[in-house]
Amino acid sequence: MSKLPTTTTTARHDPYDADRPLMLRCSCGQNHSPQEHHAALAAQAEEMANNHLEASLMKALFPVDSVRRNFLKAVGANTARAAIASVLPLGALQAMAQDKGPLEKTNLKIGFIPITCATPLIMAHPLGFYQKQGLNVDVVKTAGWALIRDKMLNKEYDATHFLSPMPLAISMGAGSNQVPMNVATIQNTNGQAITLANKHKDKRDPKMWKGFKFAVPFEYSMHNFLLRYYVAEHGLNPDTDIQIRVVPPPEMVANLRAGNIDGYLGPDPFNQRAVYEEIGFLHVLTKDLWNGHPCCAFGTSTEFIQKNPNTFAALYRAVLTAAAMARDPKNRELIAKVISPTQYLNQPETVVAQVLTGKFADGLGNIRTVPDRADFDPMPWQSMAVWMLTQMKRWGYVKGDINYKQIAEKVFLLTDAKKHMKELDQKVPDGAYPKFTIMGKVFDPARPDDYVKSFAISKQA
Amino acid sequence: MTSSLNVKATLVSLLILVLTVGLWYAATLPRAGSGTAGMTAEQIEYQKMLGKDPGAAKTGGFPTPAQMGETIWKHVSNPVYDNGPNDKGILIQLAYSLGRVGLGFLLACIVAVPLGFVIGMSPLLSRAFDPFIQVLKPISPLAWMPLALYTIKDSSASGVFVIFICSIWPMLINTAFGVASVRRDWLNVALTLEVSPLRKAFRVILPAAAPTILTGMRISMSIAWLVIVAAEMLVGGTGIGYFVWNEWNNLSLTNVIFAIGVIGVVGMLLDLVFGQLQKWVTYVE
């Protein structure tokens, strides 16, 4: 009698493995009886169920083995998975095939930085969305992004508010130890701005910004990448023509008042706060650079997901429900009221409300109405991850060749997000790699290296 | 004579306080000319968006003494409320800070006093340890923090560690100095009486060095209290330092000033306690 192999079920069962026939005596393809097999692998039944389901789907789609083999060899397993997921409700079928399991862990700590980007995961607390999923969550205000990173690596937090490039960077070991992290959802889209000090009211053309000092909240942030992109599009080299410092958002306002910095690309409410304090004005909303750009994310370590799949699913449902509520403009004033107190953002309610409703004072004497100034679209598009990676490469944060797609698919859990959105009866958009237009230039996620090379100003030149 | 001096000093102190508050009041008087007359509806709405509701004073900016008093009363009248992990009453925050300081300081005592004793008794060890002490002594708590977070992997333990590492040096140096400078004749007497080394340490050296050791502890305690605010601002979570950081986040100067006052008063009380202890152990010839 042969010993049971020690390889994981996934490897043996992988329906996307081109070289493995799917129809064998024992379904795992090894030389032992099915009873033995089931006894040994009962613990991983859920995963198996998923794979069986996908395998039978594959068999139904490609009854001829050689056709299936050629298809998989031609496009690769991940693309095949994404392609099939886009035409078949794979996630929903899998969800139906398994019952909701018991929660592995109910007392959780979730970190956040007090900015409006974290709106869904903060509001889920006072509005009881976590509780509804049977979770007892503490949302813990944290002093800075480096500390969020450290507390995730220390496992003090079970899940956290991230800047969306952070999980990519940590998973690659850029700026920290290499620990696999995942993005479950994007927290917010848009919602940032370039704020300049009042004395620069007459310098609205970025070409006049030579020698300016700017602040961003963290190096691996959309703020940094967008600011660099913006000034570079206007012919300035962000590394030599201007200075970019890492400064926590509340200090940005204080530094702007003191004249230490000329401006910043920061998260709200600190753009609006500068207007409220009458020390700065909103030069441009980041929505005008890339409408619908991602900013912050909600995620956790891959280890946490593997150890607590049901808890993670419950968290997913709570945050997605909150995101759907935050998306609806008619809820925004209520949300502003709920997240403004000391316990959460600790900001004047009118400031938060101006950010979320999009009816705001711009610091130049005008009241502007931009309903999508801040939005909450939870889809963790993998093409967004690819864009962030191209910018990390462009500005020299990561060196060498990058397997863009592999990292994006590993870190951004698009399929899971779609599956959970379906479970919650939310509208799920199709596809995995939509293209984006950033300052008039189309980004094609299929050709990231060409994109990196296409810029006149970059560290690659 | 001394009592009349005390009365005079108190009067001068009060005068300084009144003058300061008066100047403060004068400096923060509301500026005239912000009426709503002649403004369009849109301009009025714009003013509201800047928090300048016509007719109501804008909170923010540098506070007036009246606003300050209001804030102090607000905190003092409700010192122990608990609204979850991010919003607690001032006494709870203080208790967290004092707990951390106490623990770090205690650990520092446990290490520094015996080690200082050994160093003080042995000129060889004294010279051997000296370079390390001199290098480690001037390092700021903020420099230790990232290292602590990385290696200890626990933010509250890191806070305690930073207190420990910063408050250990004055105690160590003072203990060593106190032990090394015990009067020769007392040691000689002990030698003639053939007392055991342990008895000598506890009955002769310790009482003689106690005032110096306590001076070291007193300096250490004030350093620990200095350090806690910086440490908690960085680590966040709870404590008076976190309170300052949270209110800074809100750019609320009133609350920051209040916290500064609280930190000062508590620091003074801690120092008074150690001053009293010092009096008790000092031997007057």
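Under the condition of being touching a residue at least 40 places away in the same chain (Cβ under 8 Å) and farther than 18 Å from B:F274 by Cα, which residue from the range B:101-122 is farthest from the chain's Cα centre (by Cα)?
B:M121
When A:K155 is evaluated against the numbered criteria (1) crowded, with 24+ Cβ neighbours inside 10 Å; (2) among the charged types (D, E, K, R); (3) farther than 19 Å from A:A322 by Cβ; (4) touching a residue at least 40 places away in the same chain (Cβ under 8 Å), which criterion, by number, is the only one it fails?
Of (1) crowded, with 24+ Cβ neighbours inside 10 Å; (2) among the charged types (D, E, K, R); (3) farther than 19 Å from A:A322 by Cβ; (4) touching a residue at least 40 places away in the same chain (Cβ under 8 Å), only one is false for A:K155: (1).
Whether any residue in the range A:282-305 is away from chain B (no Cβ under 14 Å), closer than 30 Å to A:D150 by Cβ, in a helix (DSSP H, G or I) and of a type in the set (A, V, I, L, M, F, W, C) is what I want to check.
Yes.
Results for (1) part of a strand (DSSP E or B); (2) surrounded by 24 or more Cβ atoms within 10 Å (Cβ to Cβ); (3) within 14 Å of another protein chain (Cβ to nearest Cβ); (4) over 25 Å from the mean Cα position of the chain (by Cα), shown as yes or no for each residue.
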| site | (1), (2), (3), (4) |
| --- | --- |
| A:K337 | no, no, no, yes |
| A:P341 | no, no, yes, yes |
| A:L356 | no, yes, yes, no |
| A:F360 | yes, yes, yes, yes |
| A:G365 | no, no, yes, yes |
| A:M384 | no, yes, no, no |
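Within the range A:224-235, does at least one residue satisfy the condition of being more than 27 Å from A:V355 (Cα to Cα), of a type outside the set (A, V, I, L, M, F, W, C) and in contact with a Gly (Cβ under 9 Å, 6 or more places away or on another chain)?
No, that holds for no residue.
Please pick out the residue among B:V256, B:V227 that is within 30 Å of A:V275 (Cα to Cα), of a type in the set (A, V, I, L, M) and either surrounded by 17 or more Cβ atoms within 10 Å (Cβ to Cβ) or within 14 Å of chain A (Cβ to nearest Cβ) (or both).
Every option except B:V256 fails the conditions.
For B:Y81, indicate whether it is aromatic (F, W, Y) and crowded, with 17+ Cβ neighbours inside 10 Å.
The answer is no for B:Y81.
Return yes when A:G396 is without any contact (Cβ under 8 Å) to a residue 24 or more places away in the chain, on the phi > 0 side of the Ramachandran plot and over 12 Å from the mean Cα position of the chain (by Cα) and no when it is not.
No, not satisfied.
Condition test on B:I213, is it assigned to a helix (DSSP H, G or I), in contact (Cβ under 8 Å) with a residue 60 or more places away in the chain and closer than 19 Å to B:T282 by Cβ?
When the stated conditions are applied, B:I213 passes them.
How many residues are buried (at least 19 other Cβ atoms within 10 Å of the Cβ), more than 16 Å from A:R204 (Cβ to Cβ) and in contact (Cβ under 8 Å) with a residue 60 or more places away in the chain when one looks only at the range A:276-285?
Within the range A:276-285, residues that are buried (at least 19 other Cβ atoms within 10 Å of the Cβ), more than 16 Å from A:R204 (Cβ to Cβ) and in contact (Cβ under 8 Å) with a residue 60 or more places away in the chain number 2.
Could you grab me the full set of residues in the range A:248-265 that are more than 13 Å from every other protein chain (Cβ to nearest Cβ) and crowded, with 21+ Cβ neighbours inside 10 Å?
Correct list: A:I261, A:D262, A:G263, A:Y264, A:L265.
What is the residue count in the range A:272-281 for residues that are part of a helix (DSSP H, G or I) and over 24 Å from A:K210 (Cα atoms)?
Number satisfying all stated conditions: 3.
Under 6 Å by Cβ, and 6 or more places apart or on different chains, what pairs join a residue from the range A:104-123 that is facing chain B (nearest Cβ under 10 Å) and over 19 Å from A:A353 (Cα atoms) with one that is assigned to a strand (DSSP E or B) and not hydroxyl-bearing (S, T, Y)?
Hits for this filter: A:K109/A:D138; A:K109/A:V140; A:G111/A:V140; A:F112/A:V139; A:F112/A:H161.
I'm trying to understand the selection: among the residues of the range B:239-285, which are aromatic (F, W, Y), touching a residue at least 60 places away in the same chain (Cβ under 8 Å) and either touching a Cys at 6+ places or on another chain (Cβ under 8 Å) or part of a helix (DSSP H, G or I) (or both)?
Within the range B:239-285, B:Y242, B:F243, B:F258, B:F274 meet the criteria.
Out of the residues in the range B:259-285 meeting the condition of being charged (D, E, K, R) and at pLDDT 85 or above, tell me which one is surrounded by the most Cβ atoms within 10 Å (Cβ to Cβ).
B:D271
Among the numbered conditions (1) more than 13 Å from every other protein chain (Cβ to nearest Cβ); (2) crowded, with 23+ Cβ neighbours inside 10 Å, tell me where B:L91 comes up short.
For B:L91, the exception is condition (2).
Restricting to the range A:419-448, give me the number of residues that are closer than 20 Å to A:L168 by Cβ and touching a residue at least 24 places away in the same chain (Cβ under 8 Å).
Total satisfying the criteria: 9.
Conditions (1) more than 26 Å from A:M222 (Cβ to Cβ); (2) facing chain B (nearest Cβ under 9 Å); (3) assigned to a helix (DSSP H, G or I), marked per residue:
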{"residue": "A:V139", "(1), (2), (3)": "no, yes, no"}
{"residue": "A:K151", "(1), (2), (3)": "no, yes, yes"}
{"residue": "A:E156", "(1), (2), (3)": "no, yes, no"}
{"residue": "A:H161", "(1), (2), (3)": "no, no, no"}
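Answer yes if at least one residue in the range A:263-271 is assigned to a loop (DSSP other than H, G, I, E, B) and modelled with pLDDT of 90 or more, and no otherwise.
no
Mind checking which residues of the range B:122-147 are modelled with pLDDT under 85 and surrounded by 19 or more Cβ atoms within 10 Å (Cβ to Cβ)?
The answer is B:P141, B:M145.
From the list A:V67, A:V75, A:V87, exactly one residue is under 30 Å from A:Q391 (Cα atoms), away from chain B (no Cβ under 14 Å) and either at pLDDT 85 or above or more than 18 Å from the chain's Cα centre (by Cα) (or both). Which is it?
Sole residue among the options that is under 30 Å from A:Q391 (Cα atoms), away from chain B (no Cβ under 14 Å) and either at pLDDT 85 or above or more than 18 Å from the chain's Cα centre (by Cα) (or both): A:V75.
The values are calculated or read from the model by the stated rules, or taken from the named source; none is laboratory data. What you are looking at is a predicted structure, and each value in this text was computed from that prediction instead of being measured. Neighbour counts are summed over all protein chains in view; Cβ atoms, including those assigned to glycine, are modelled from backbone coordinates with ideal geometry.
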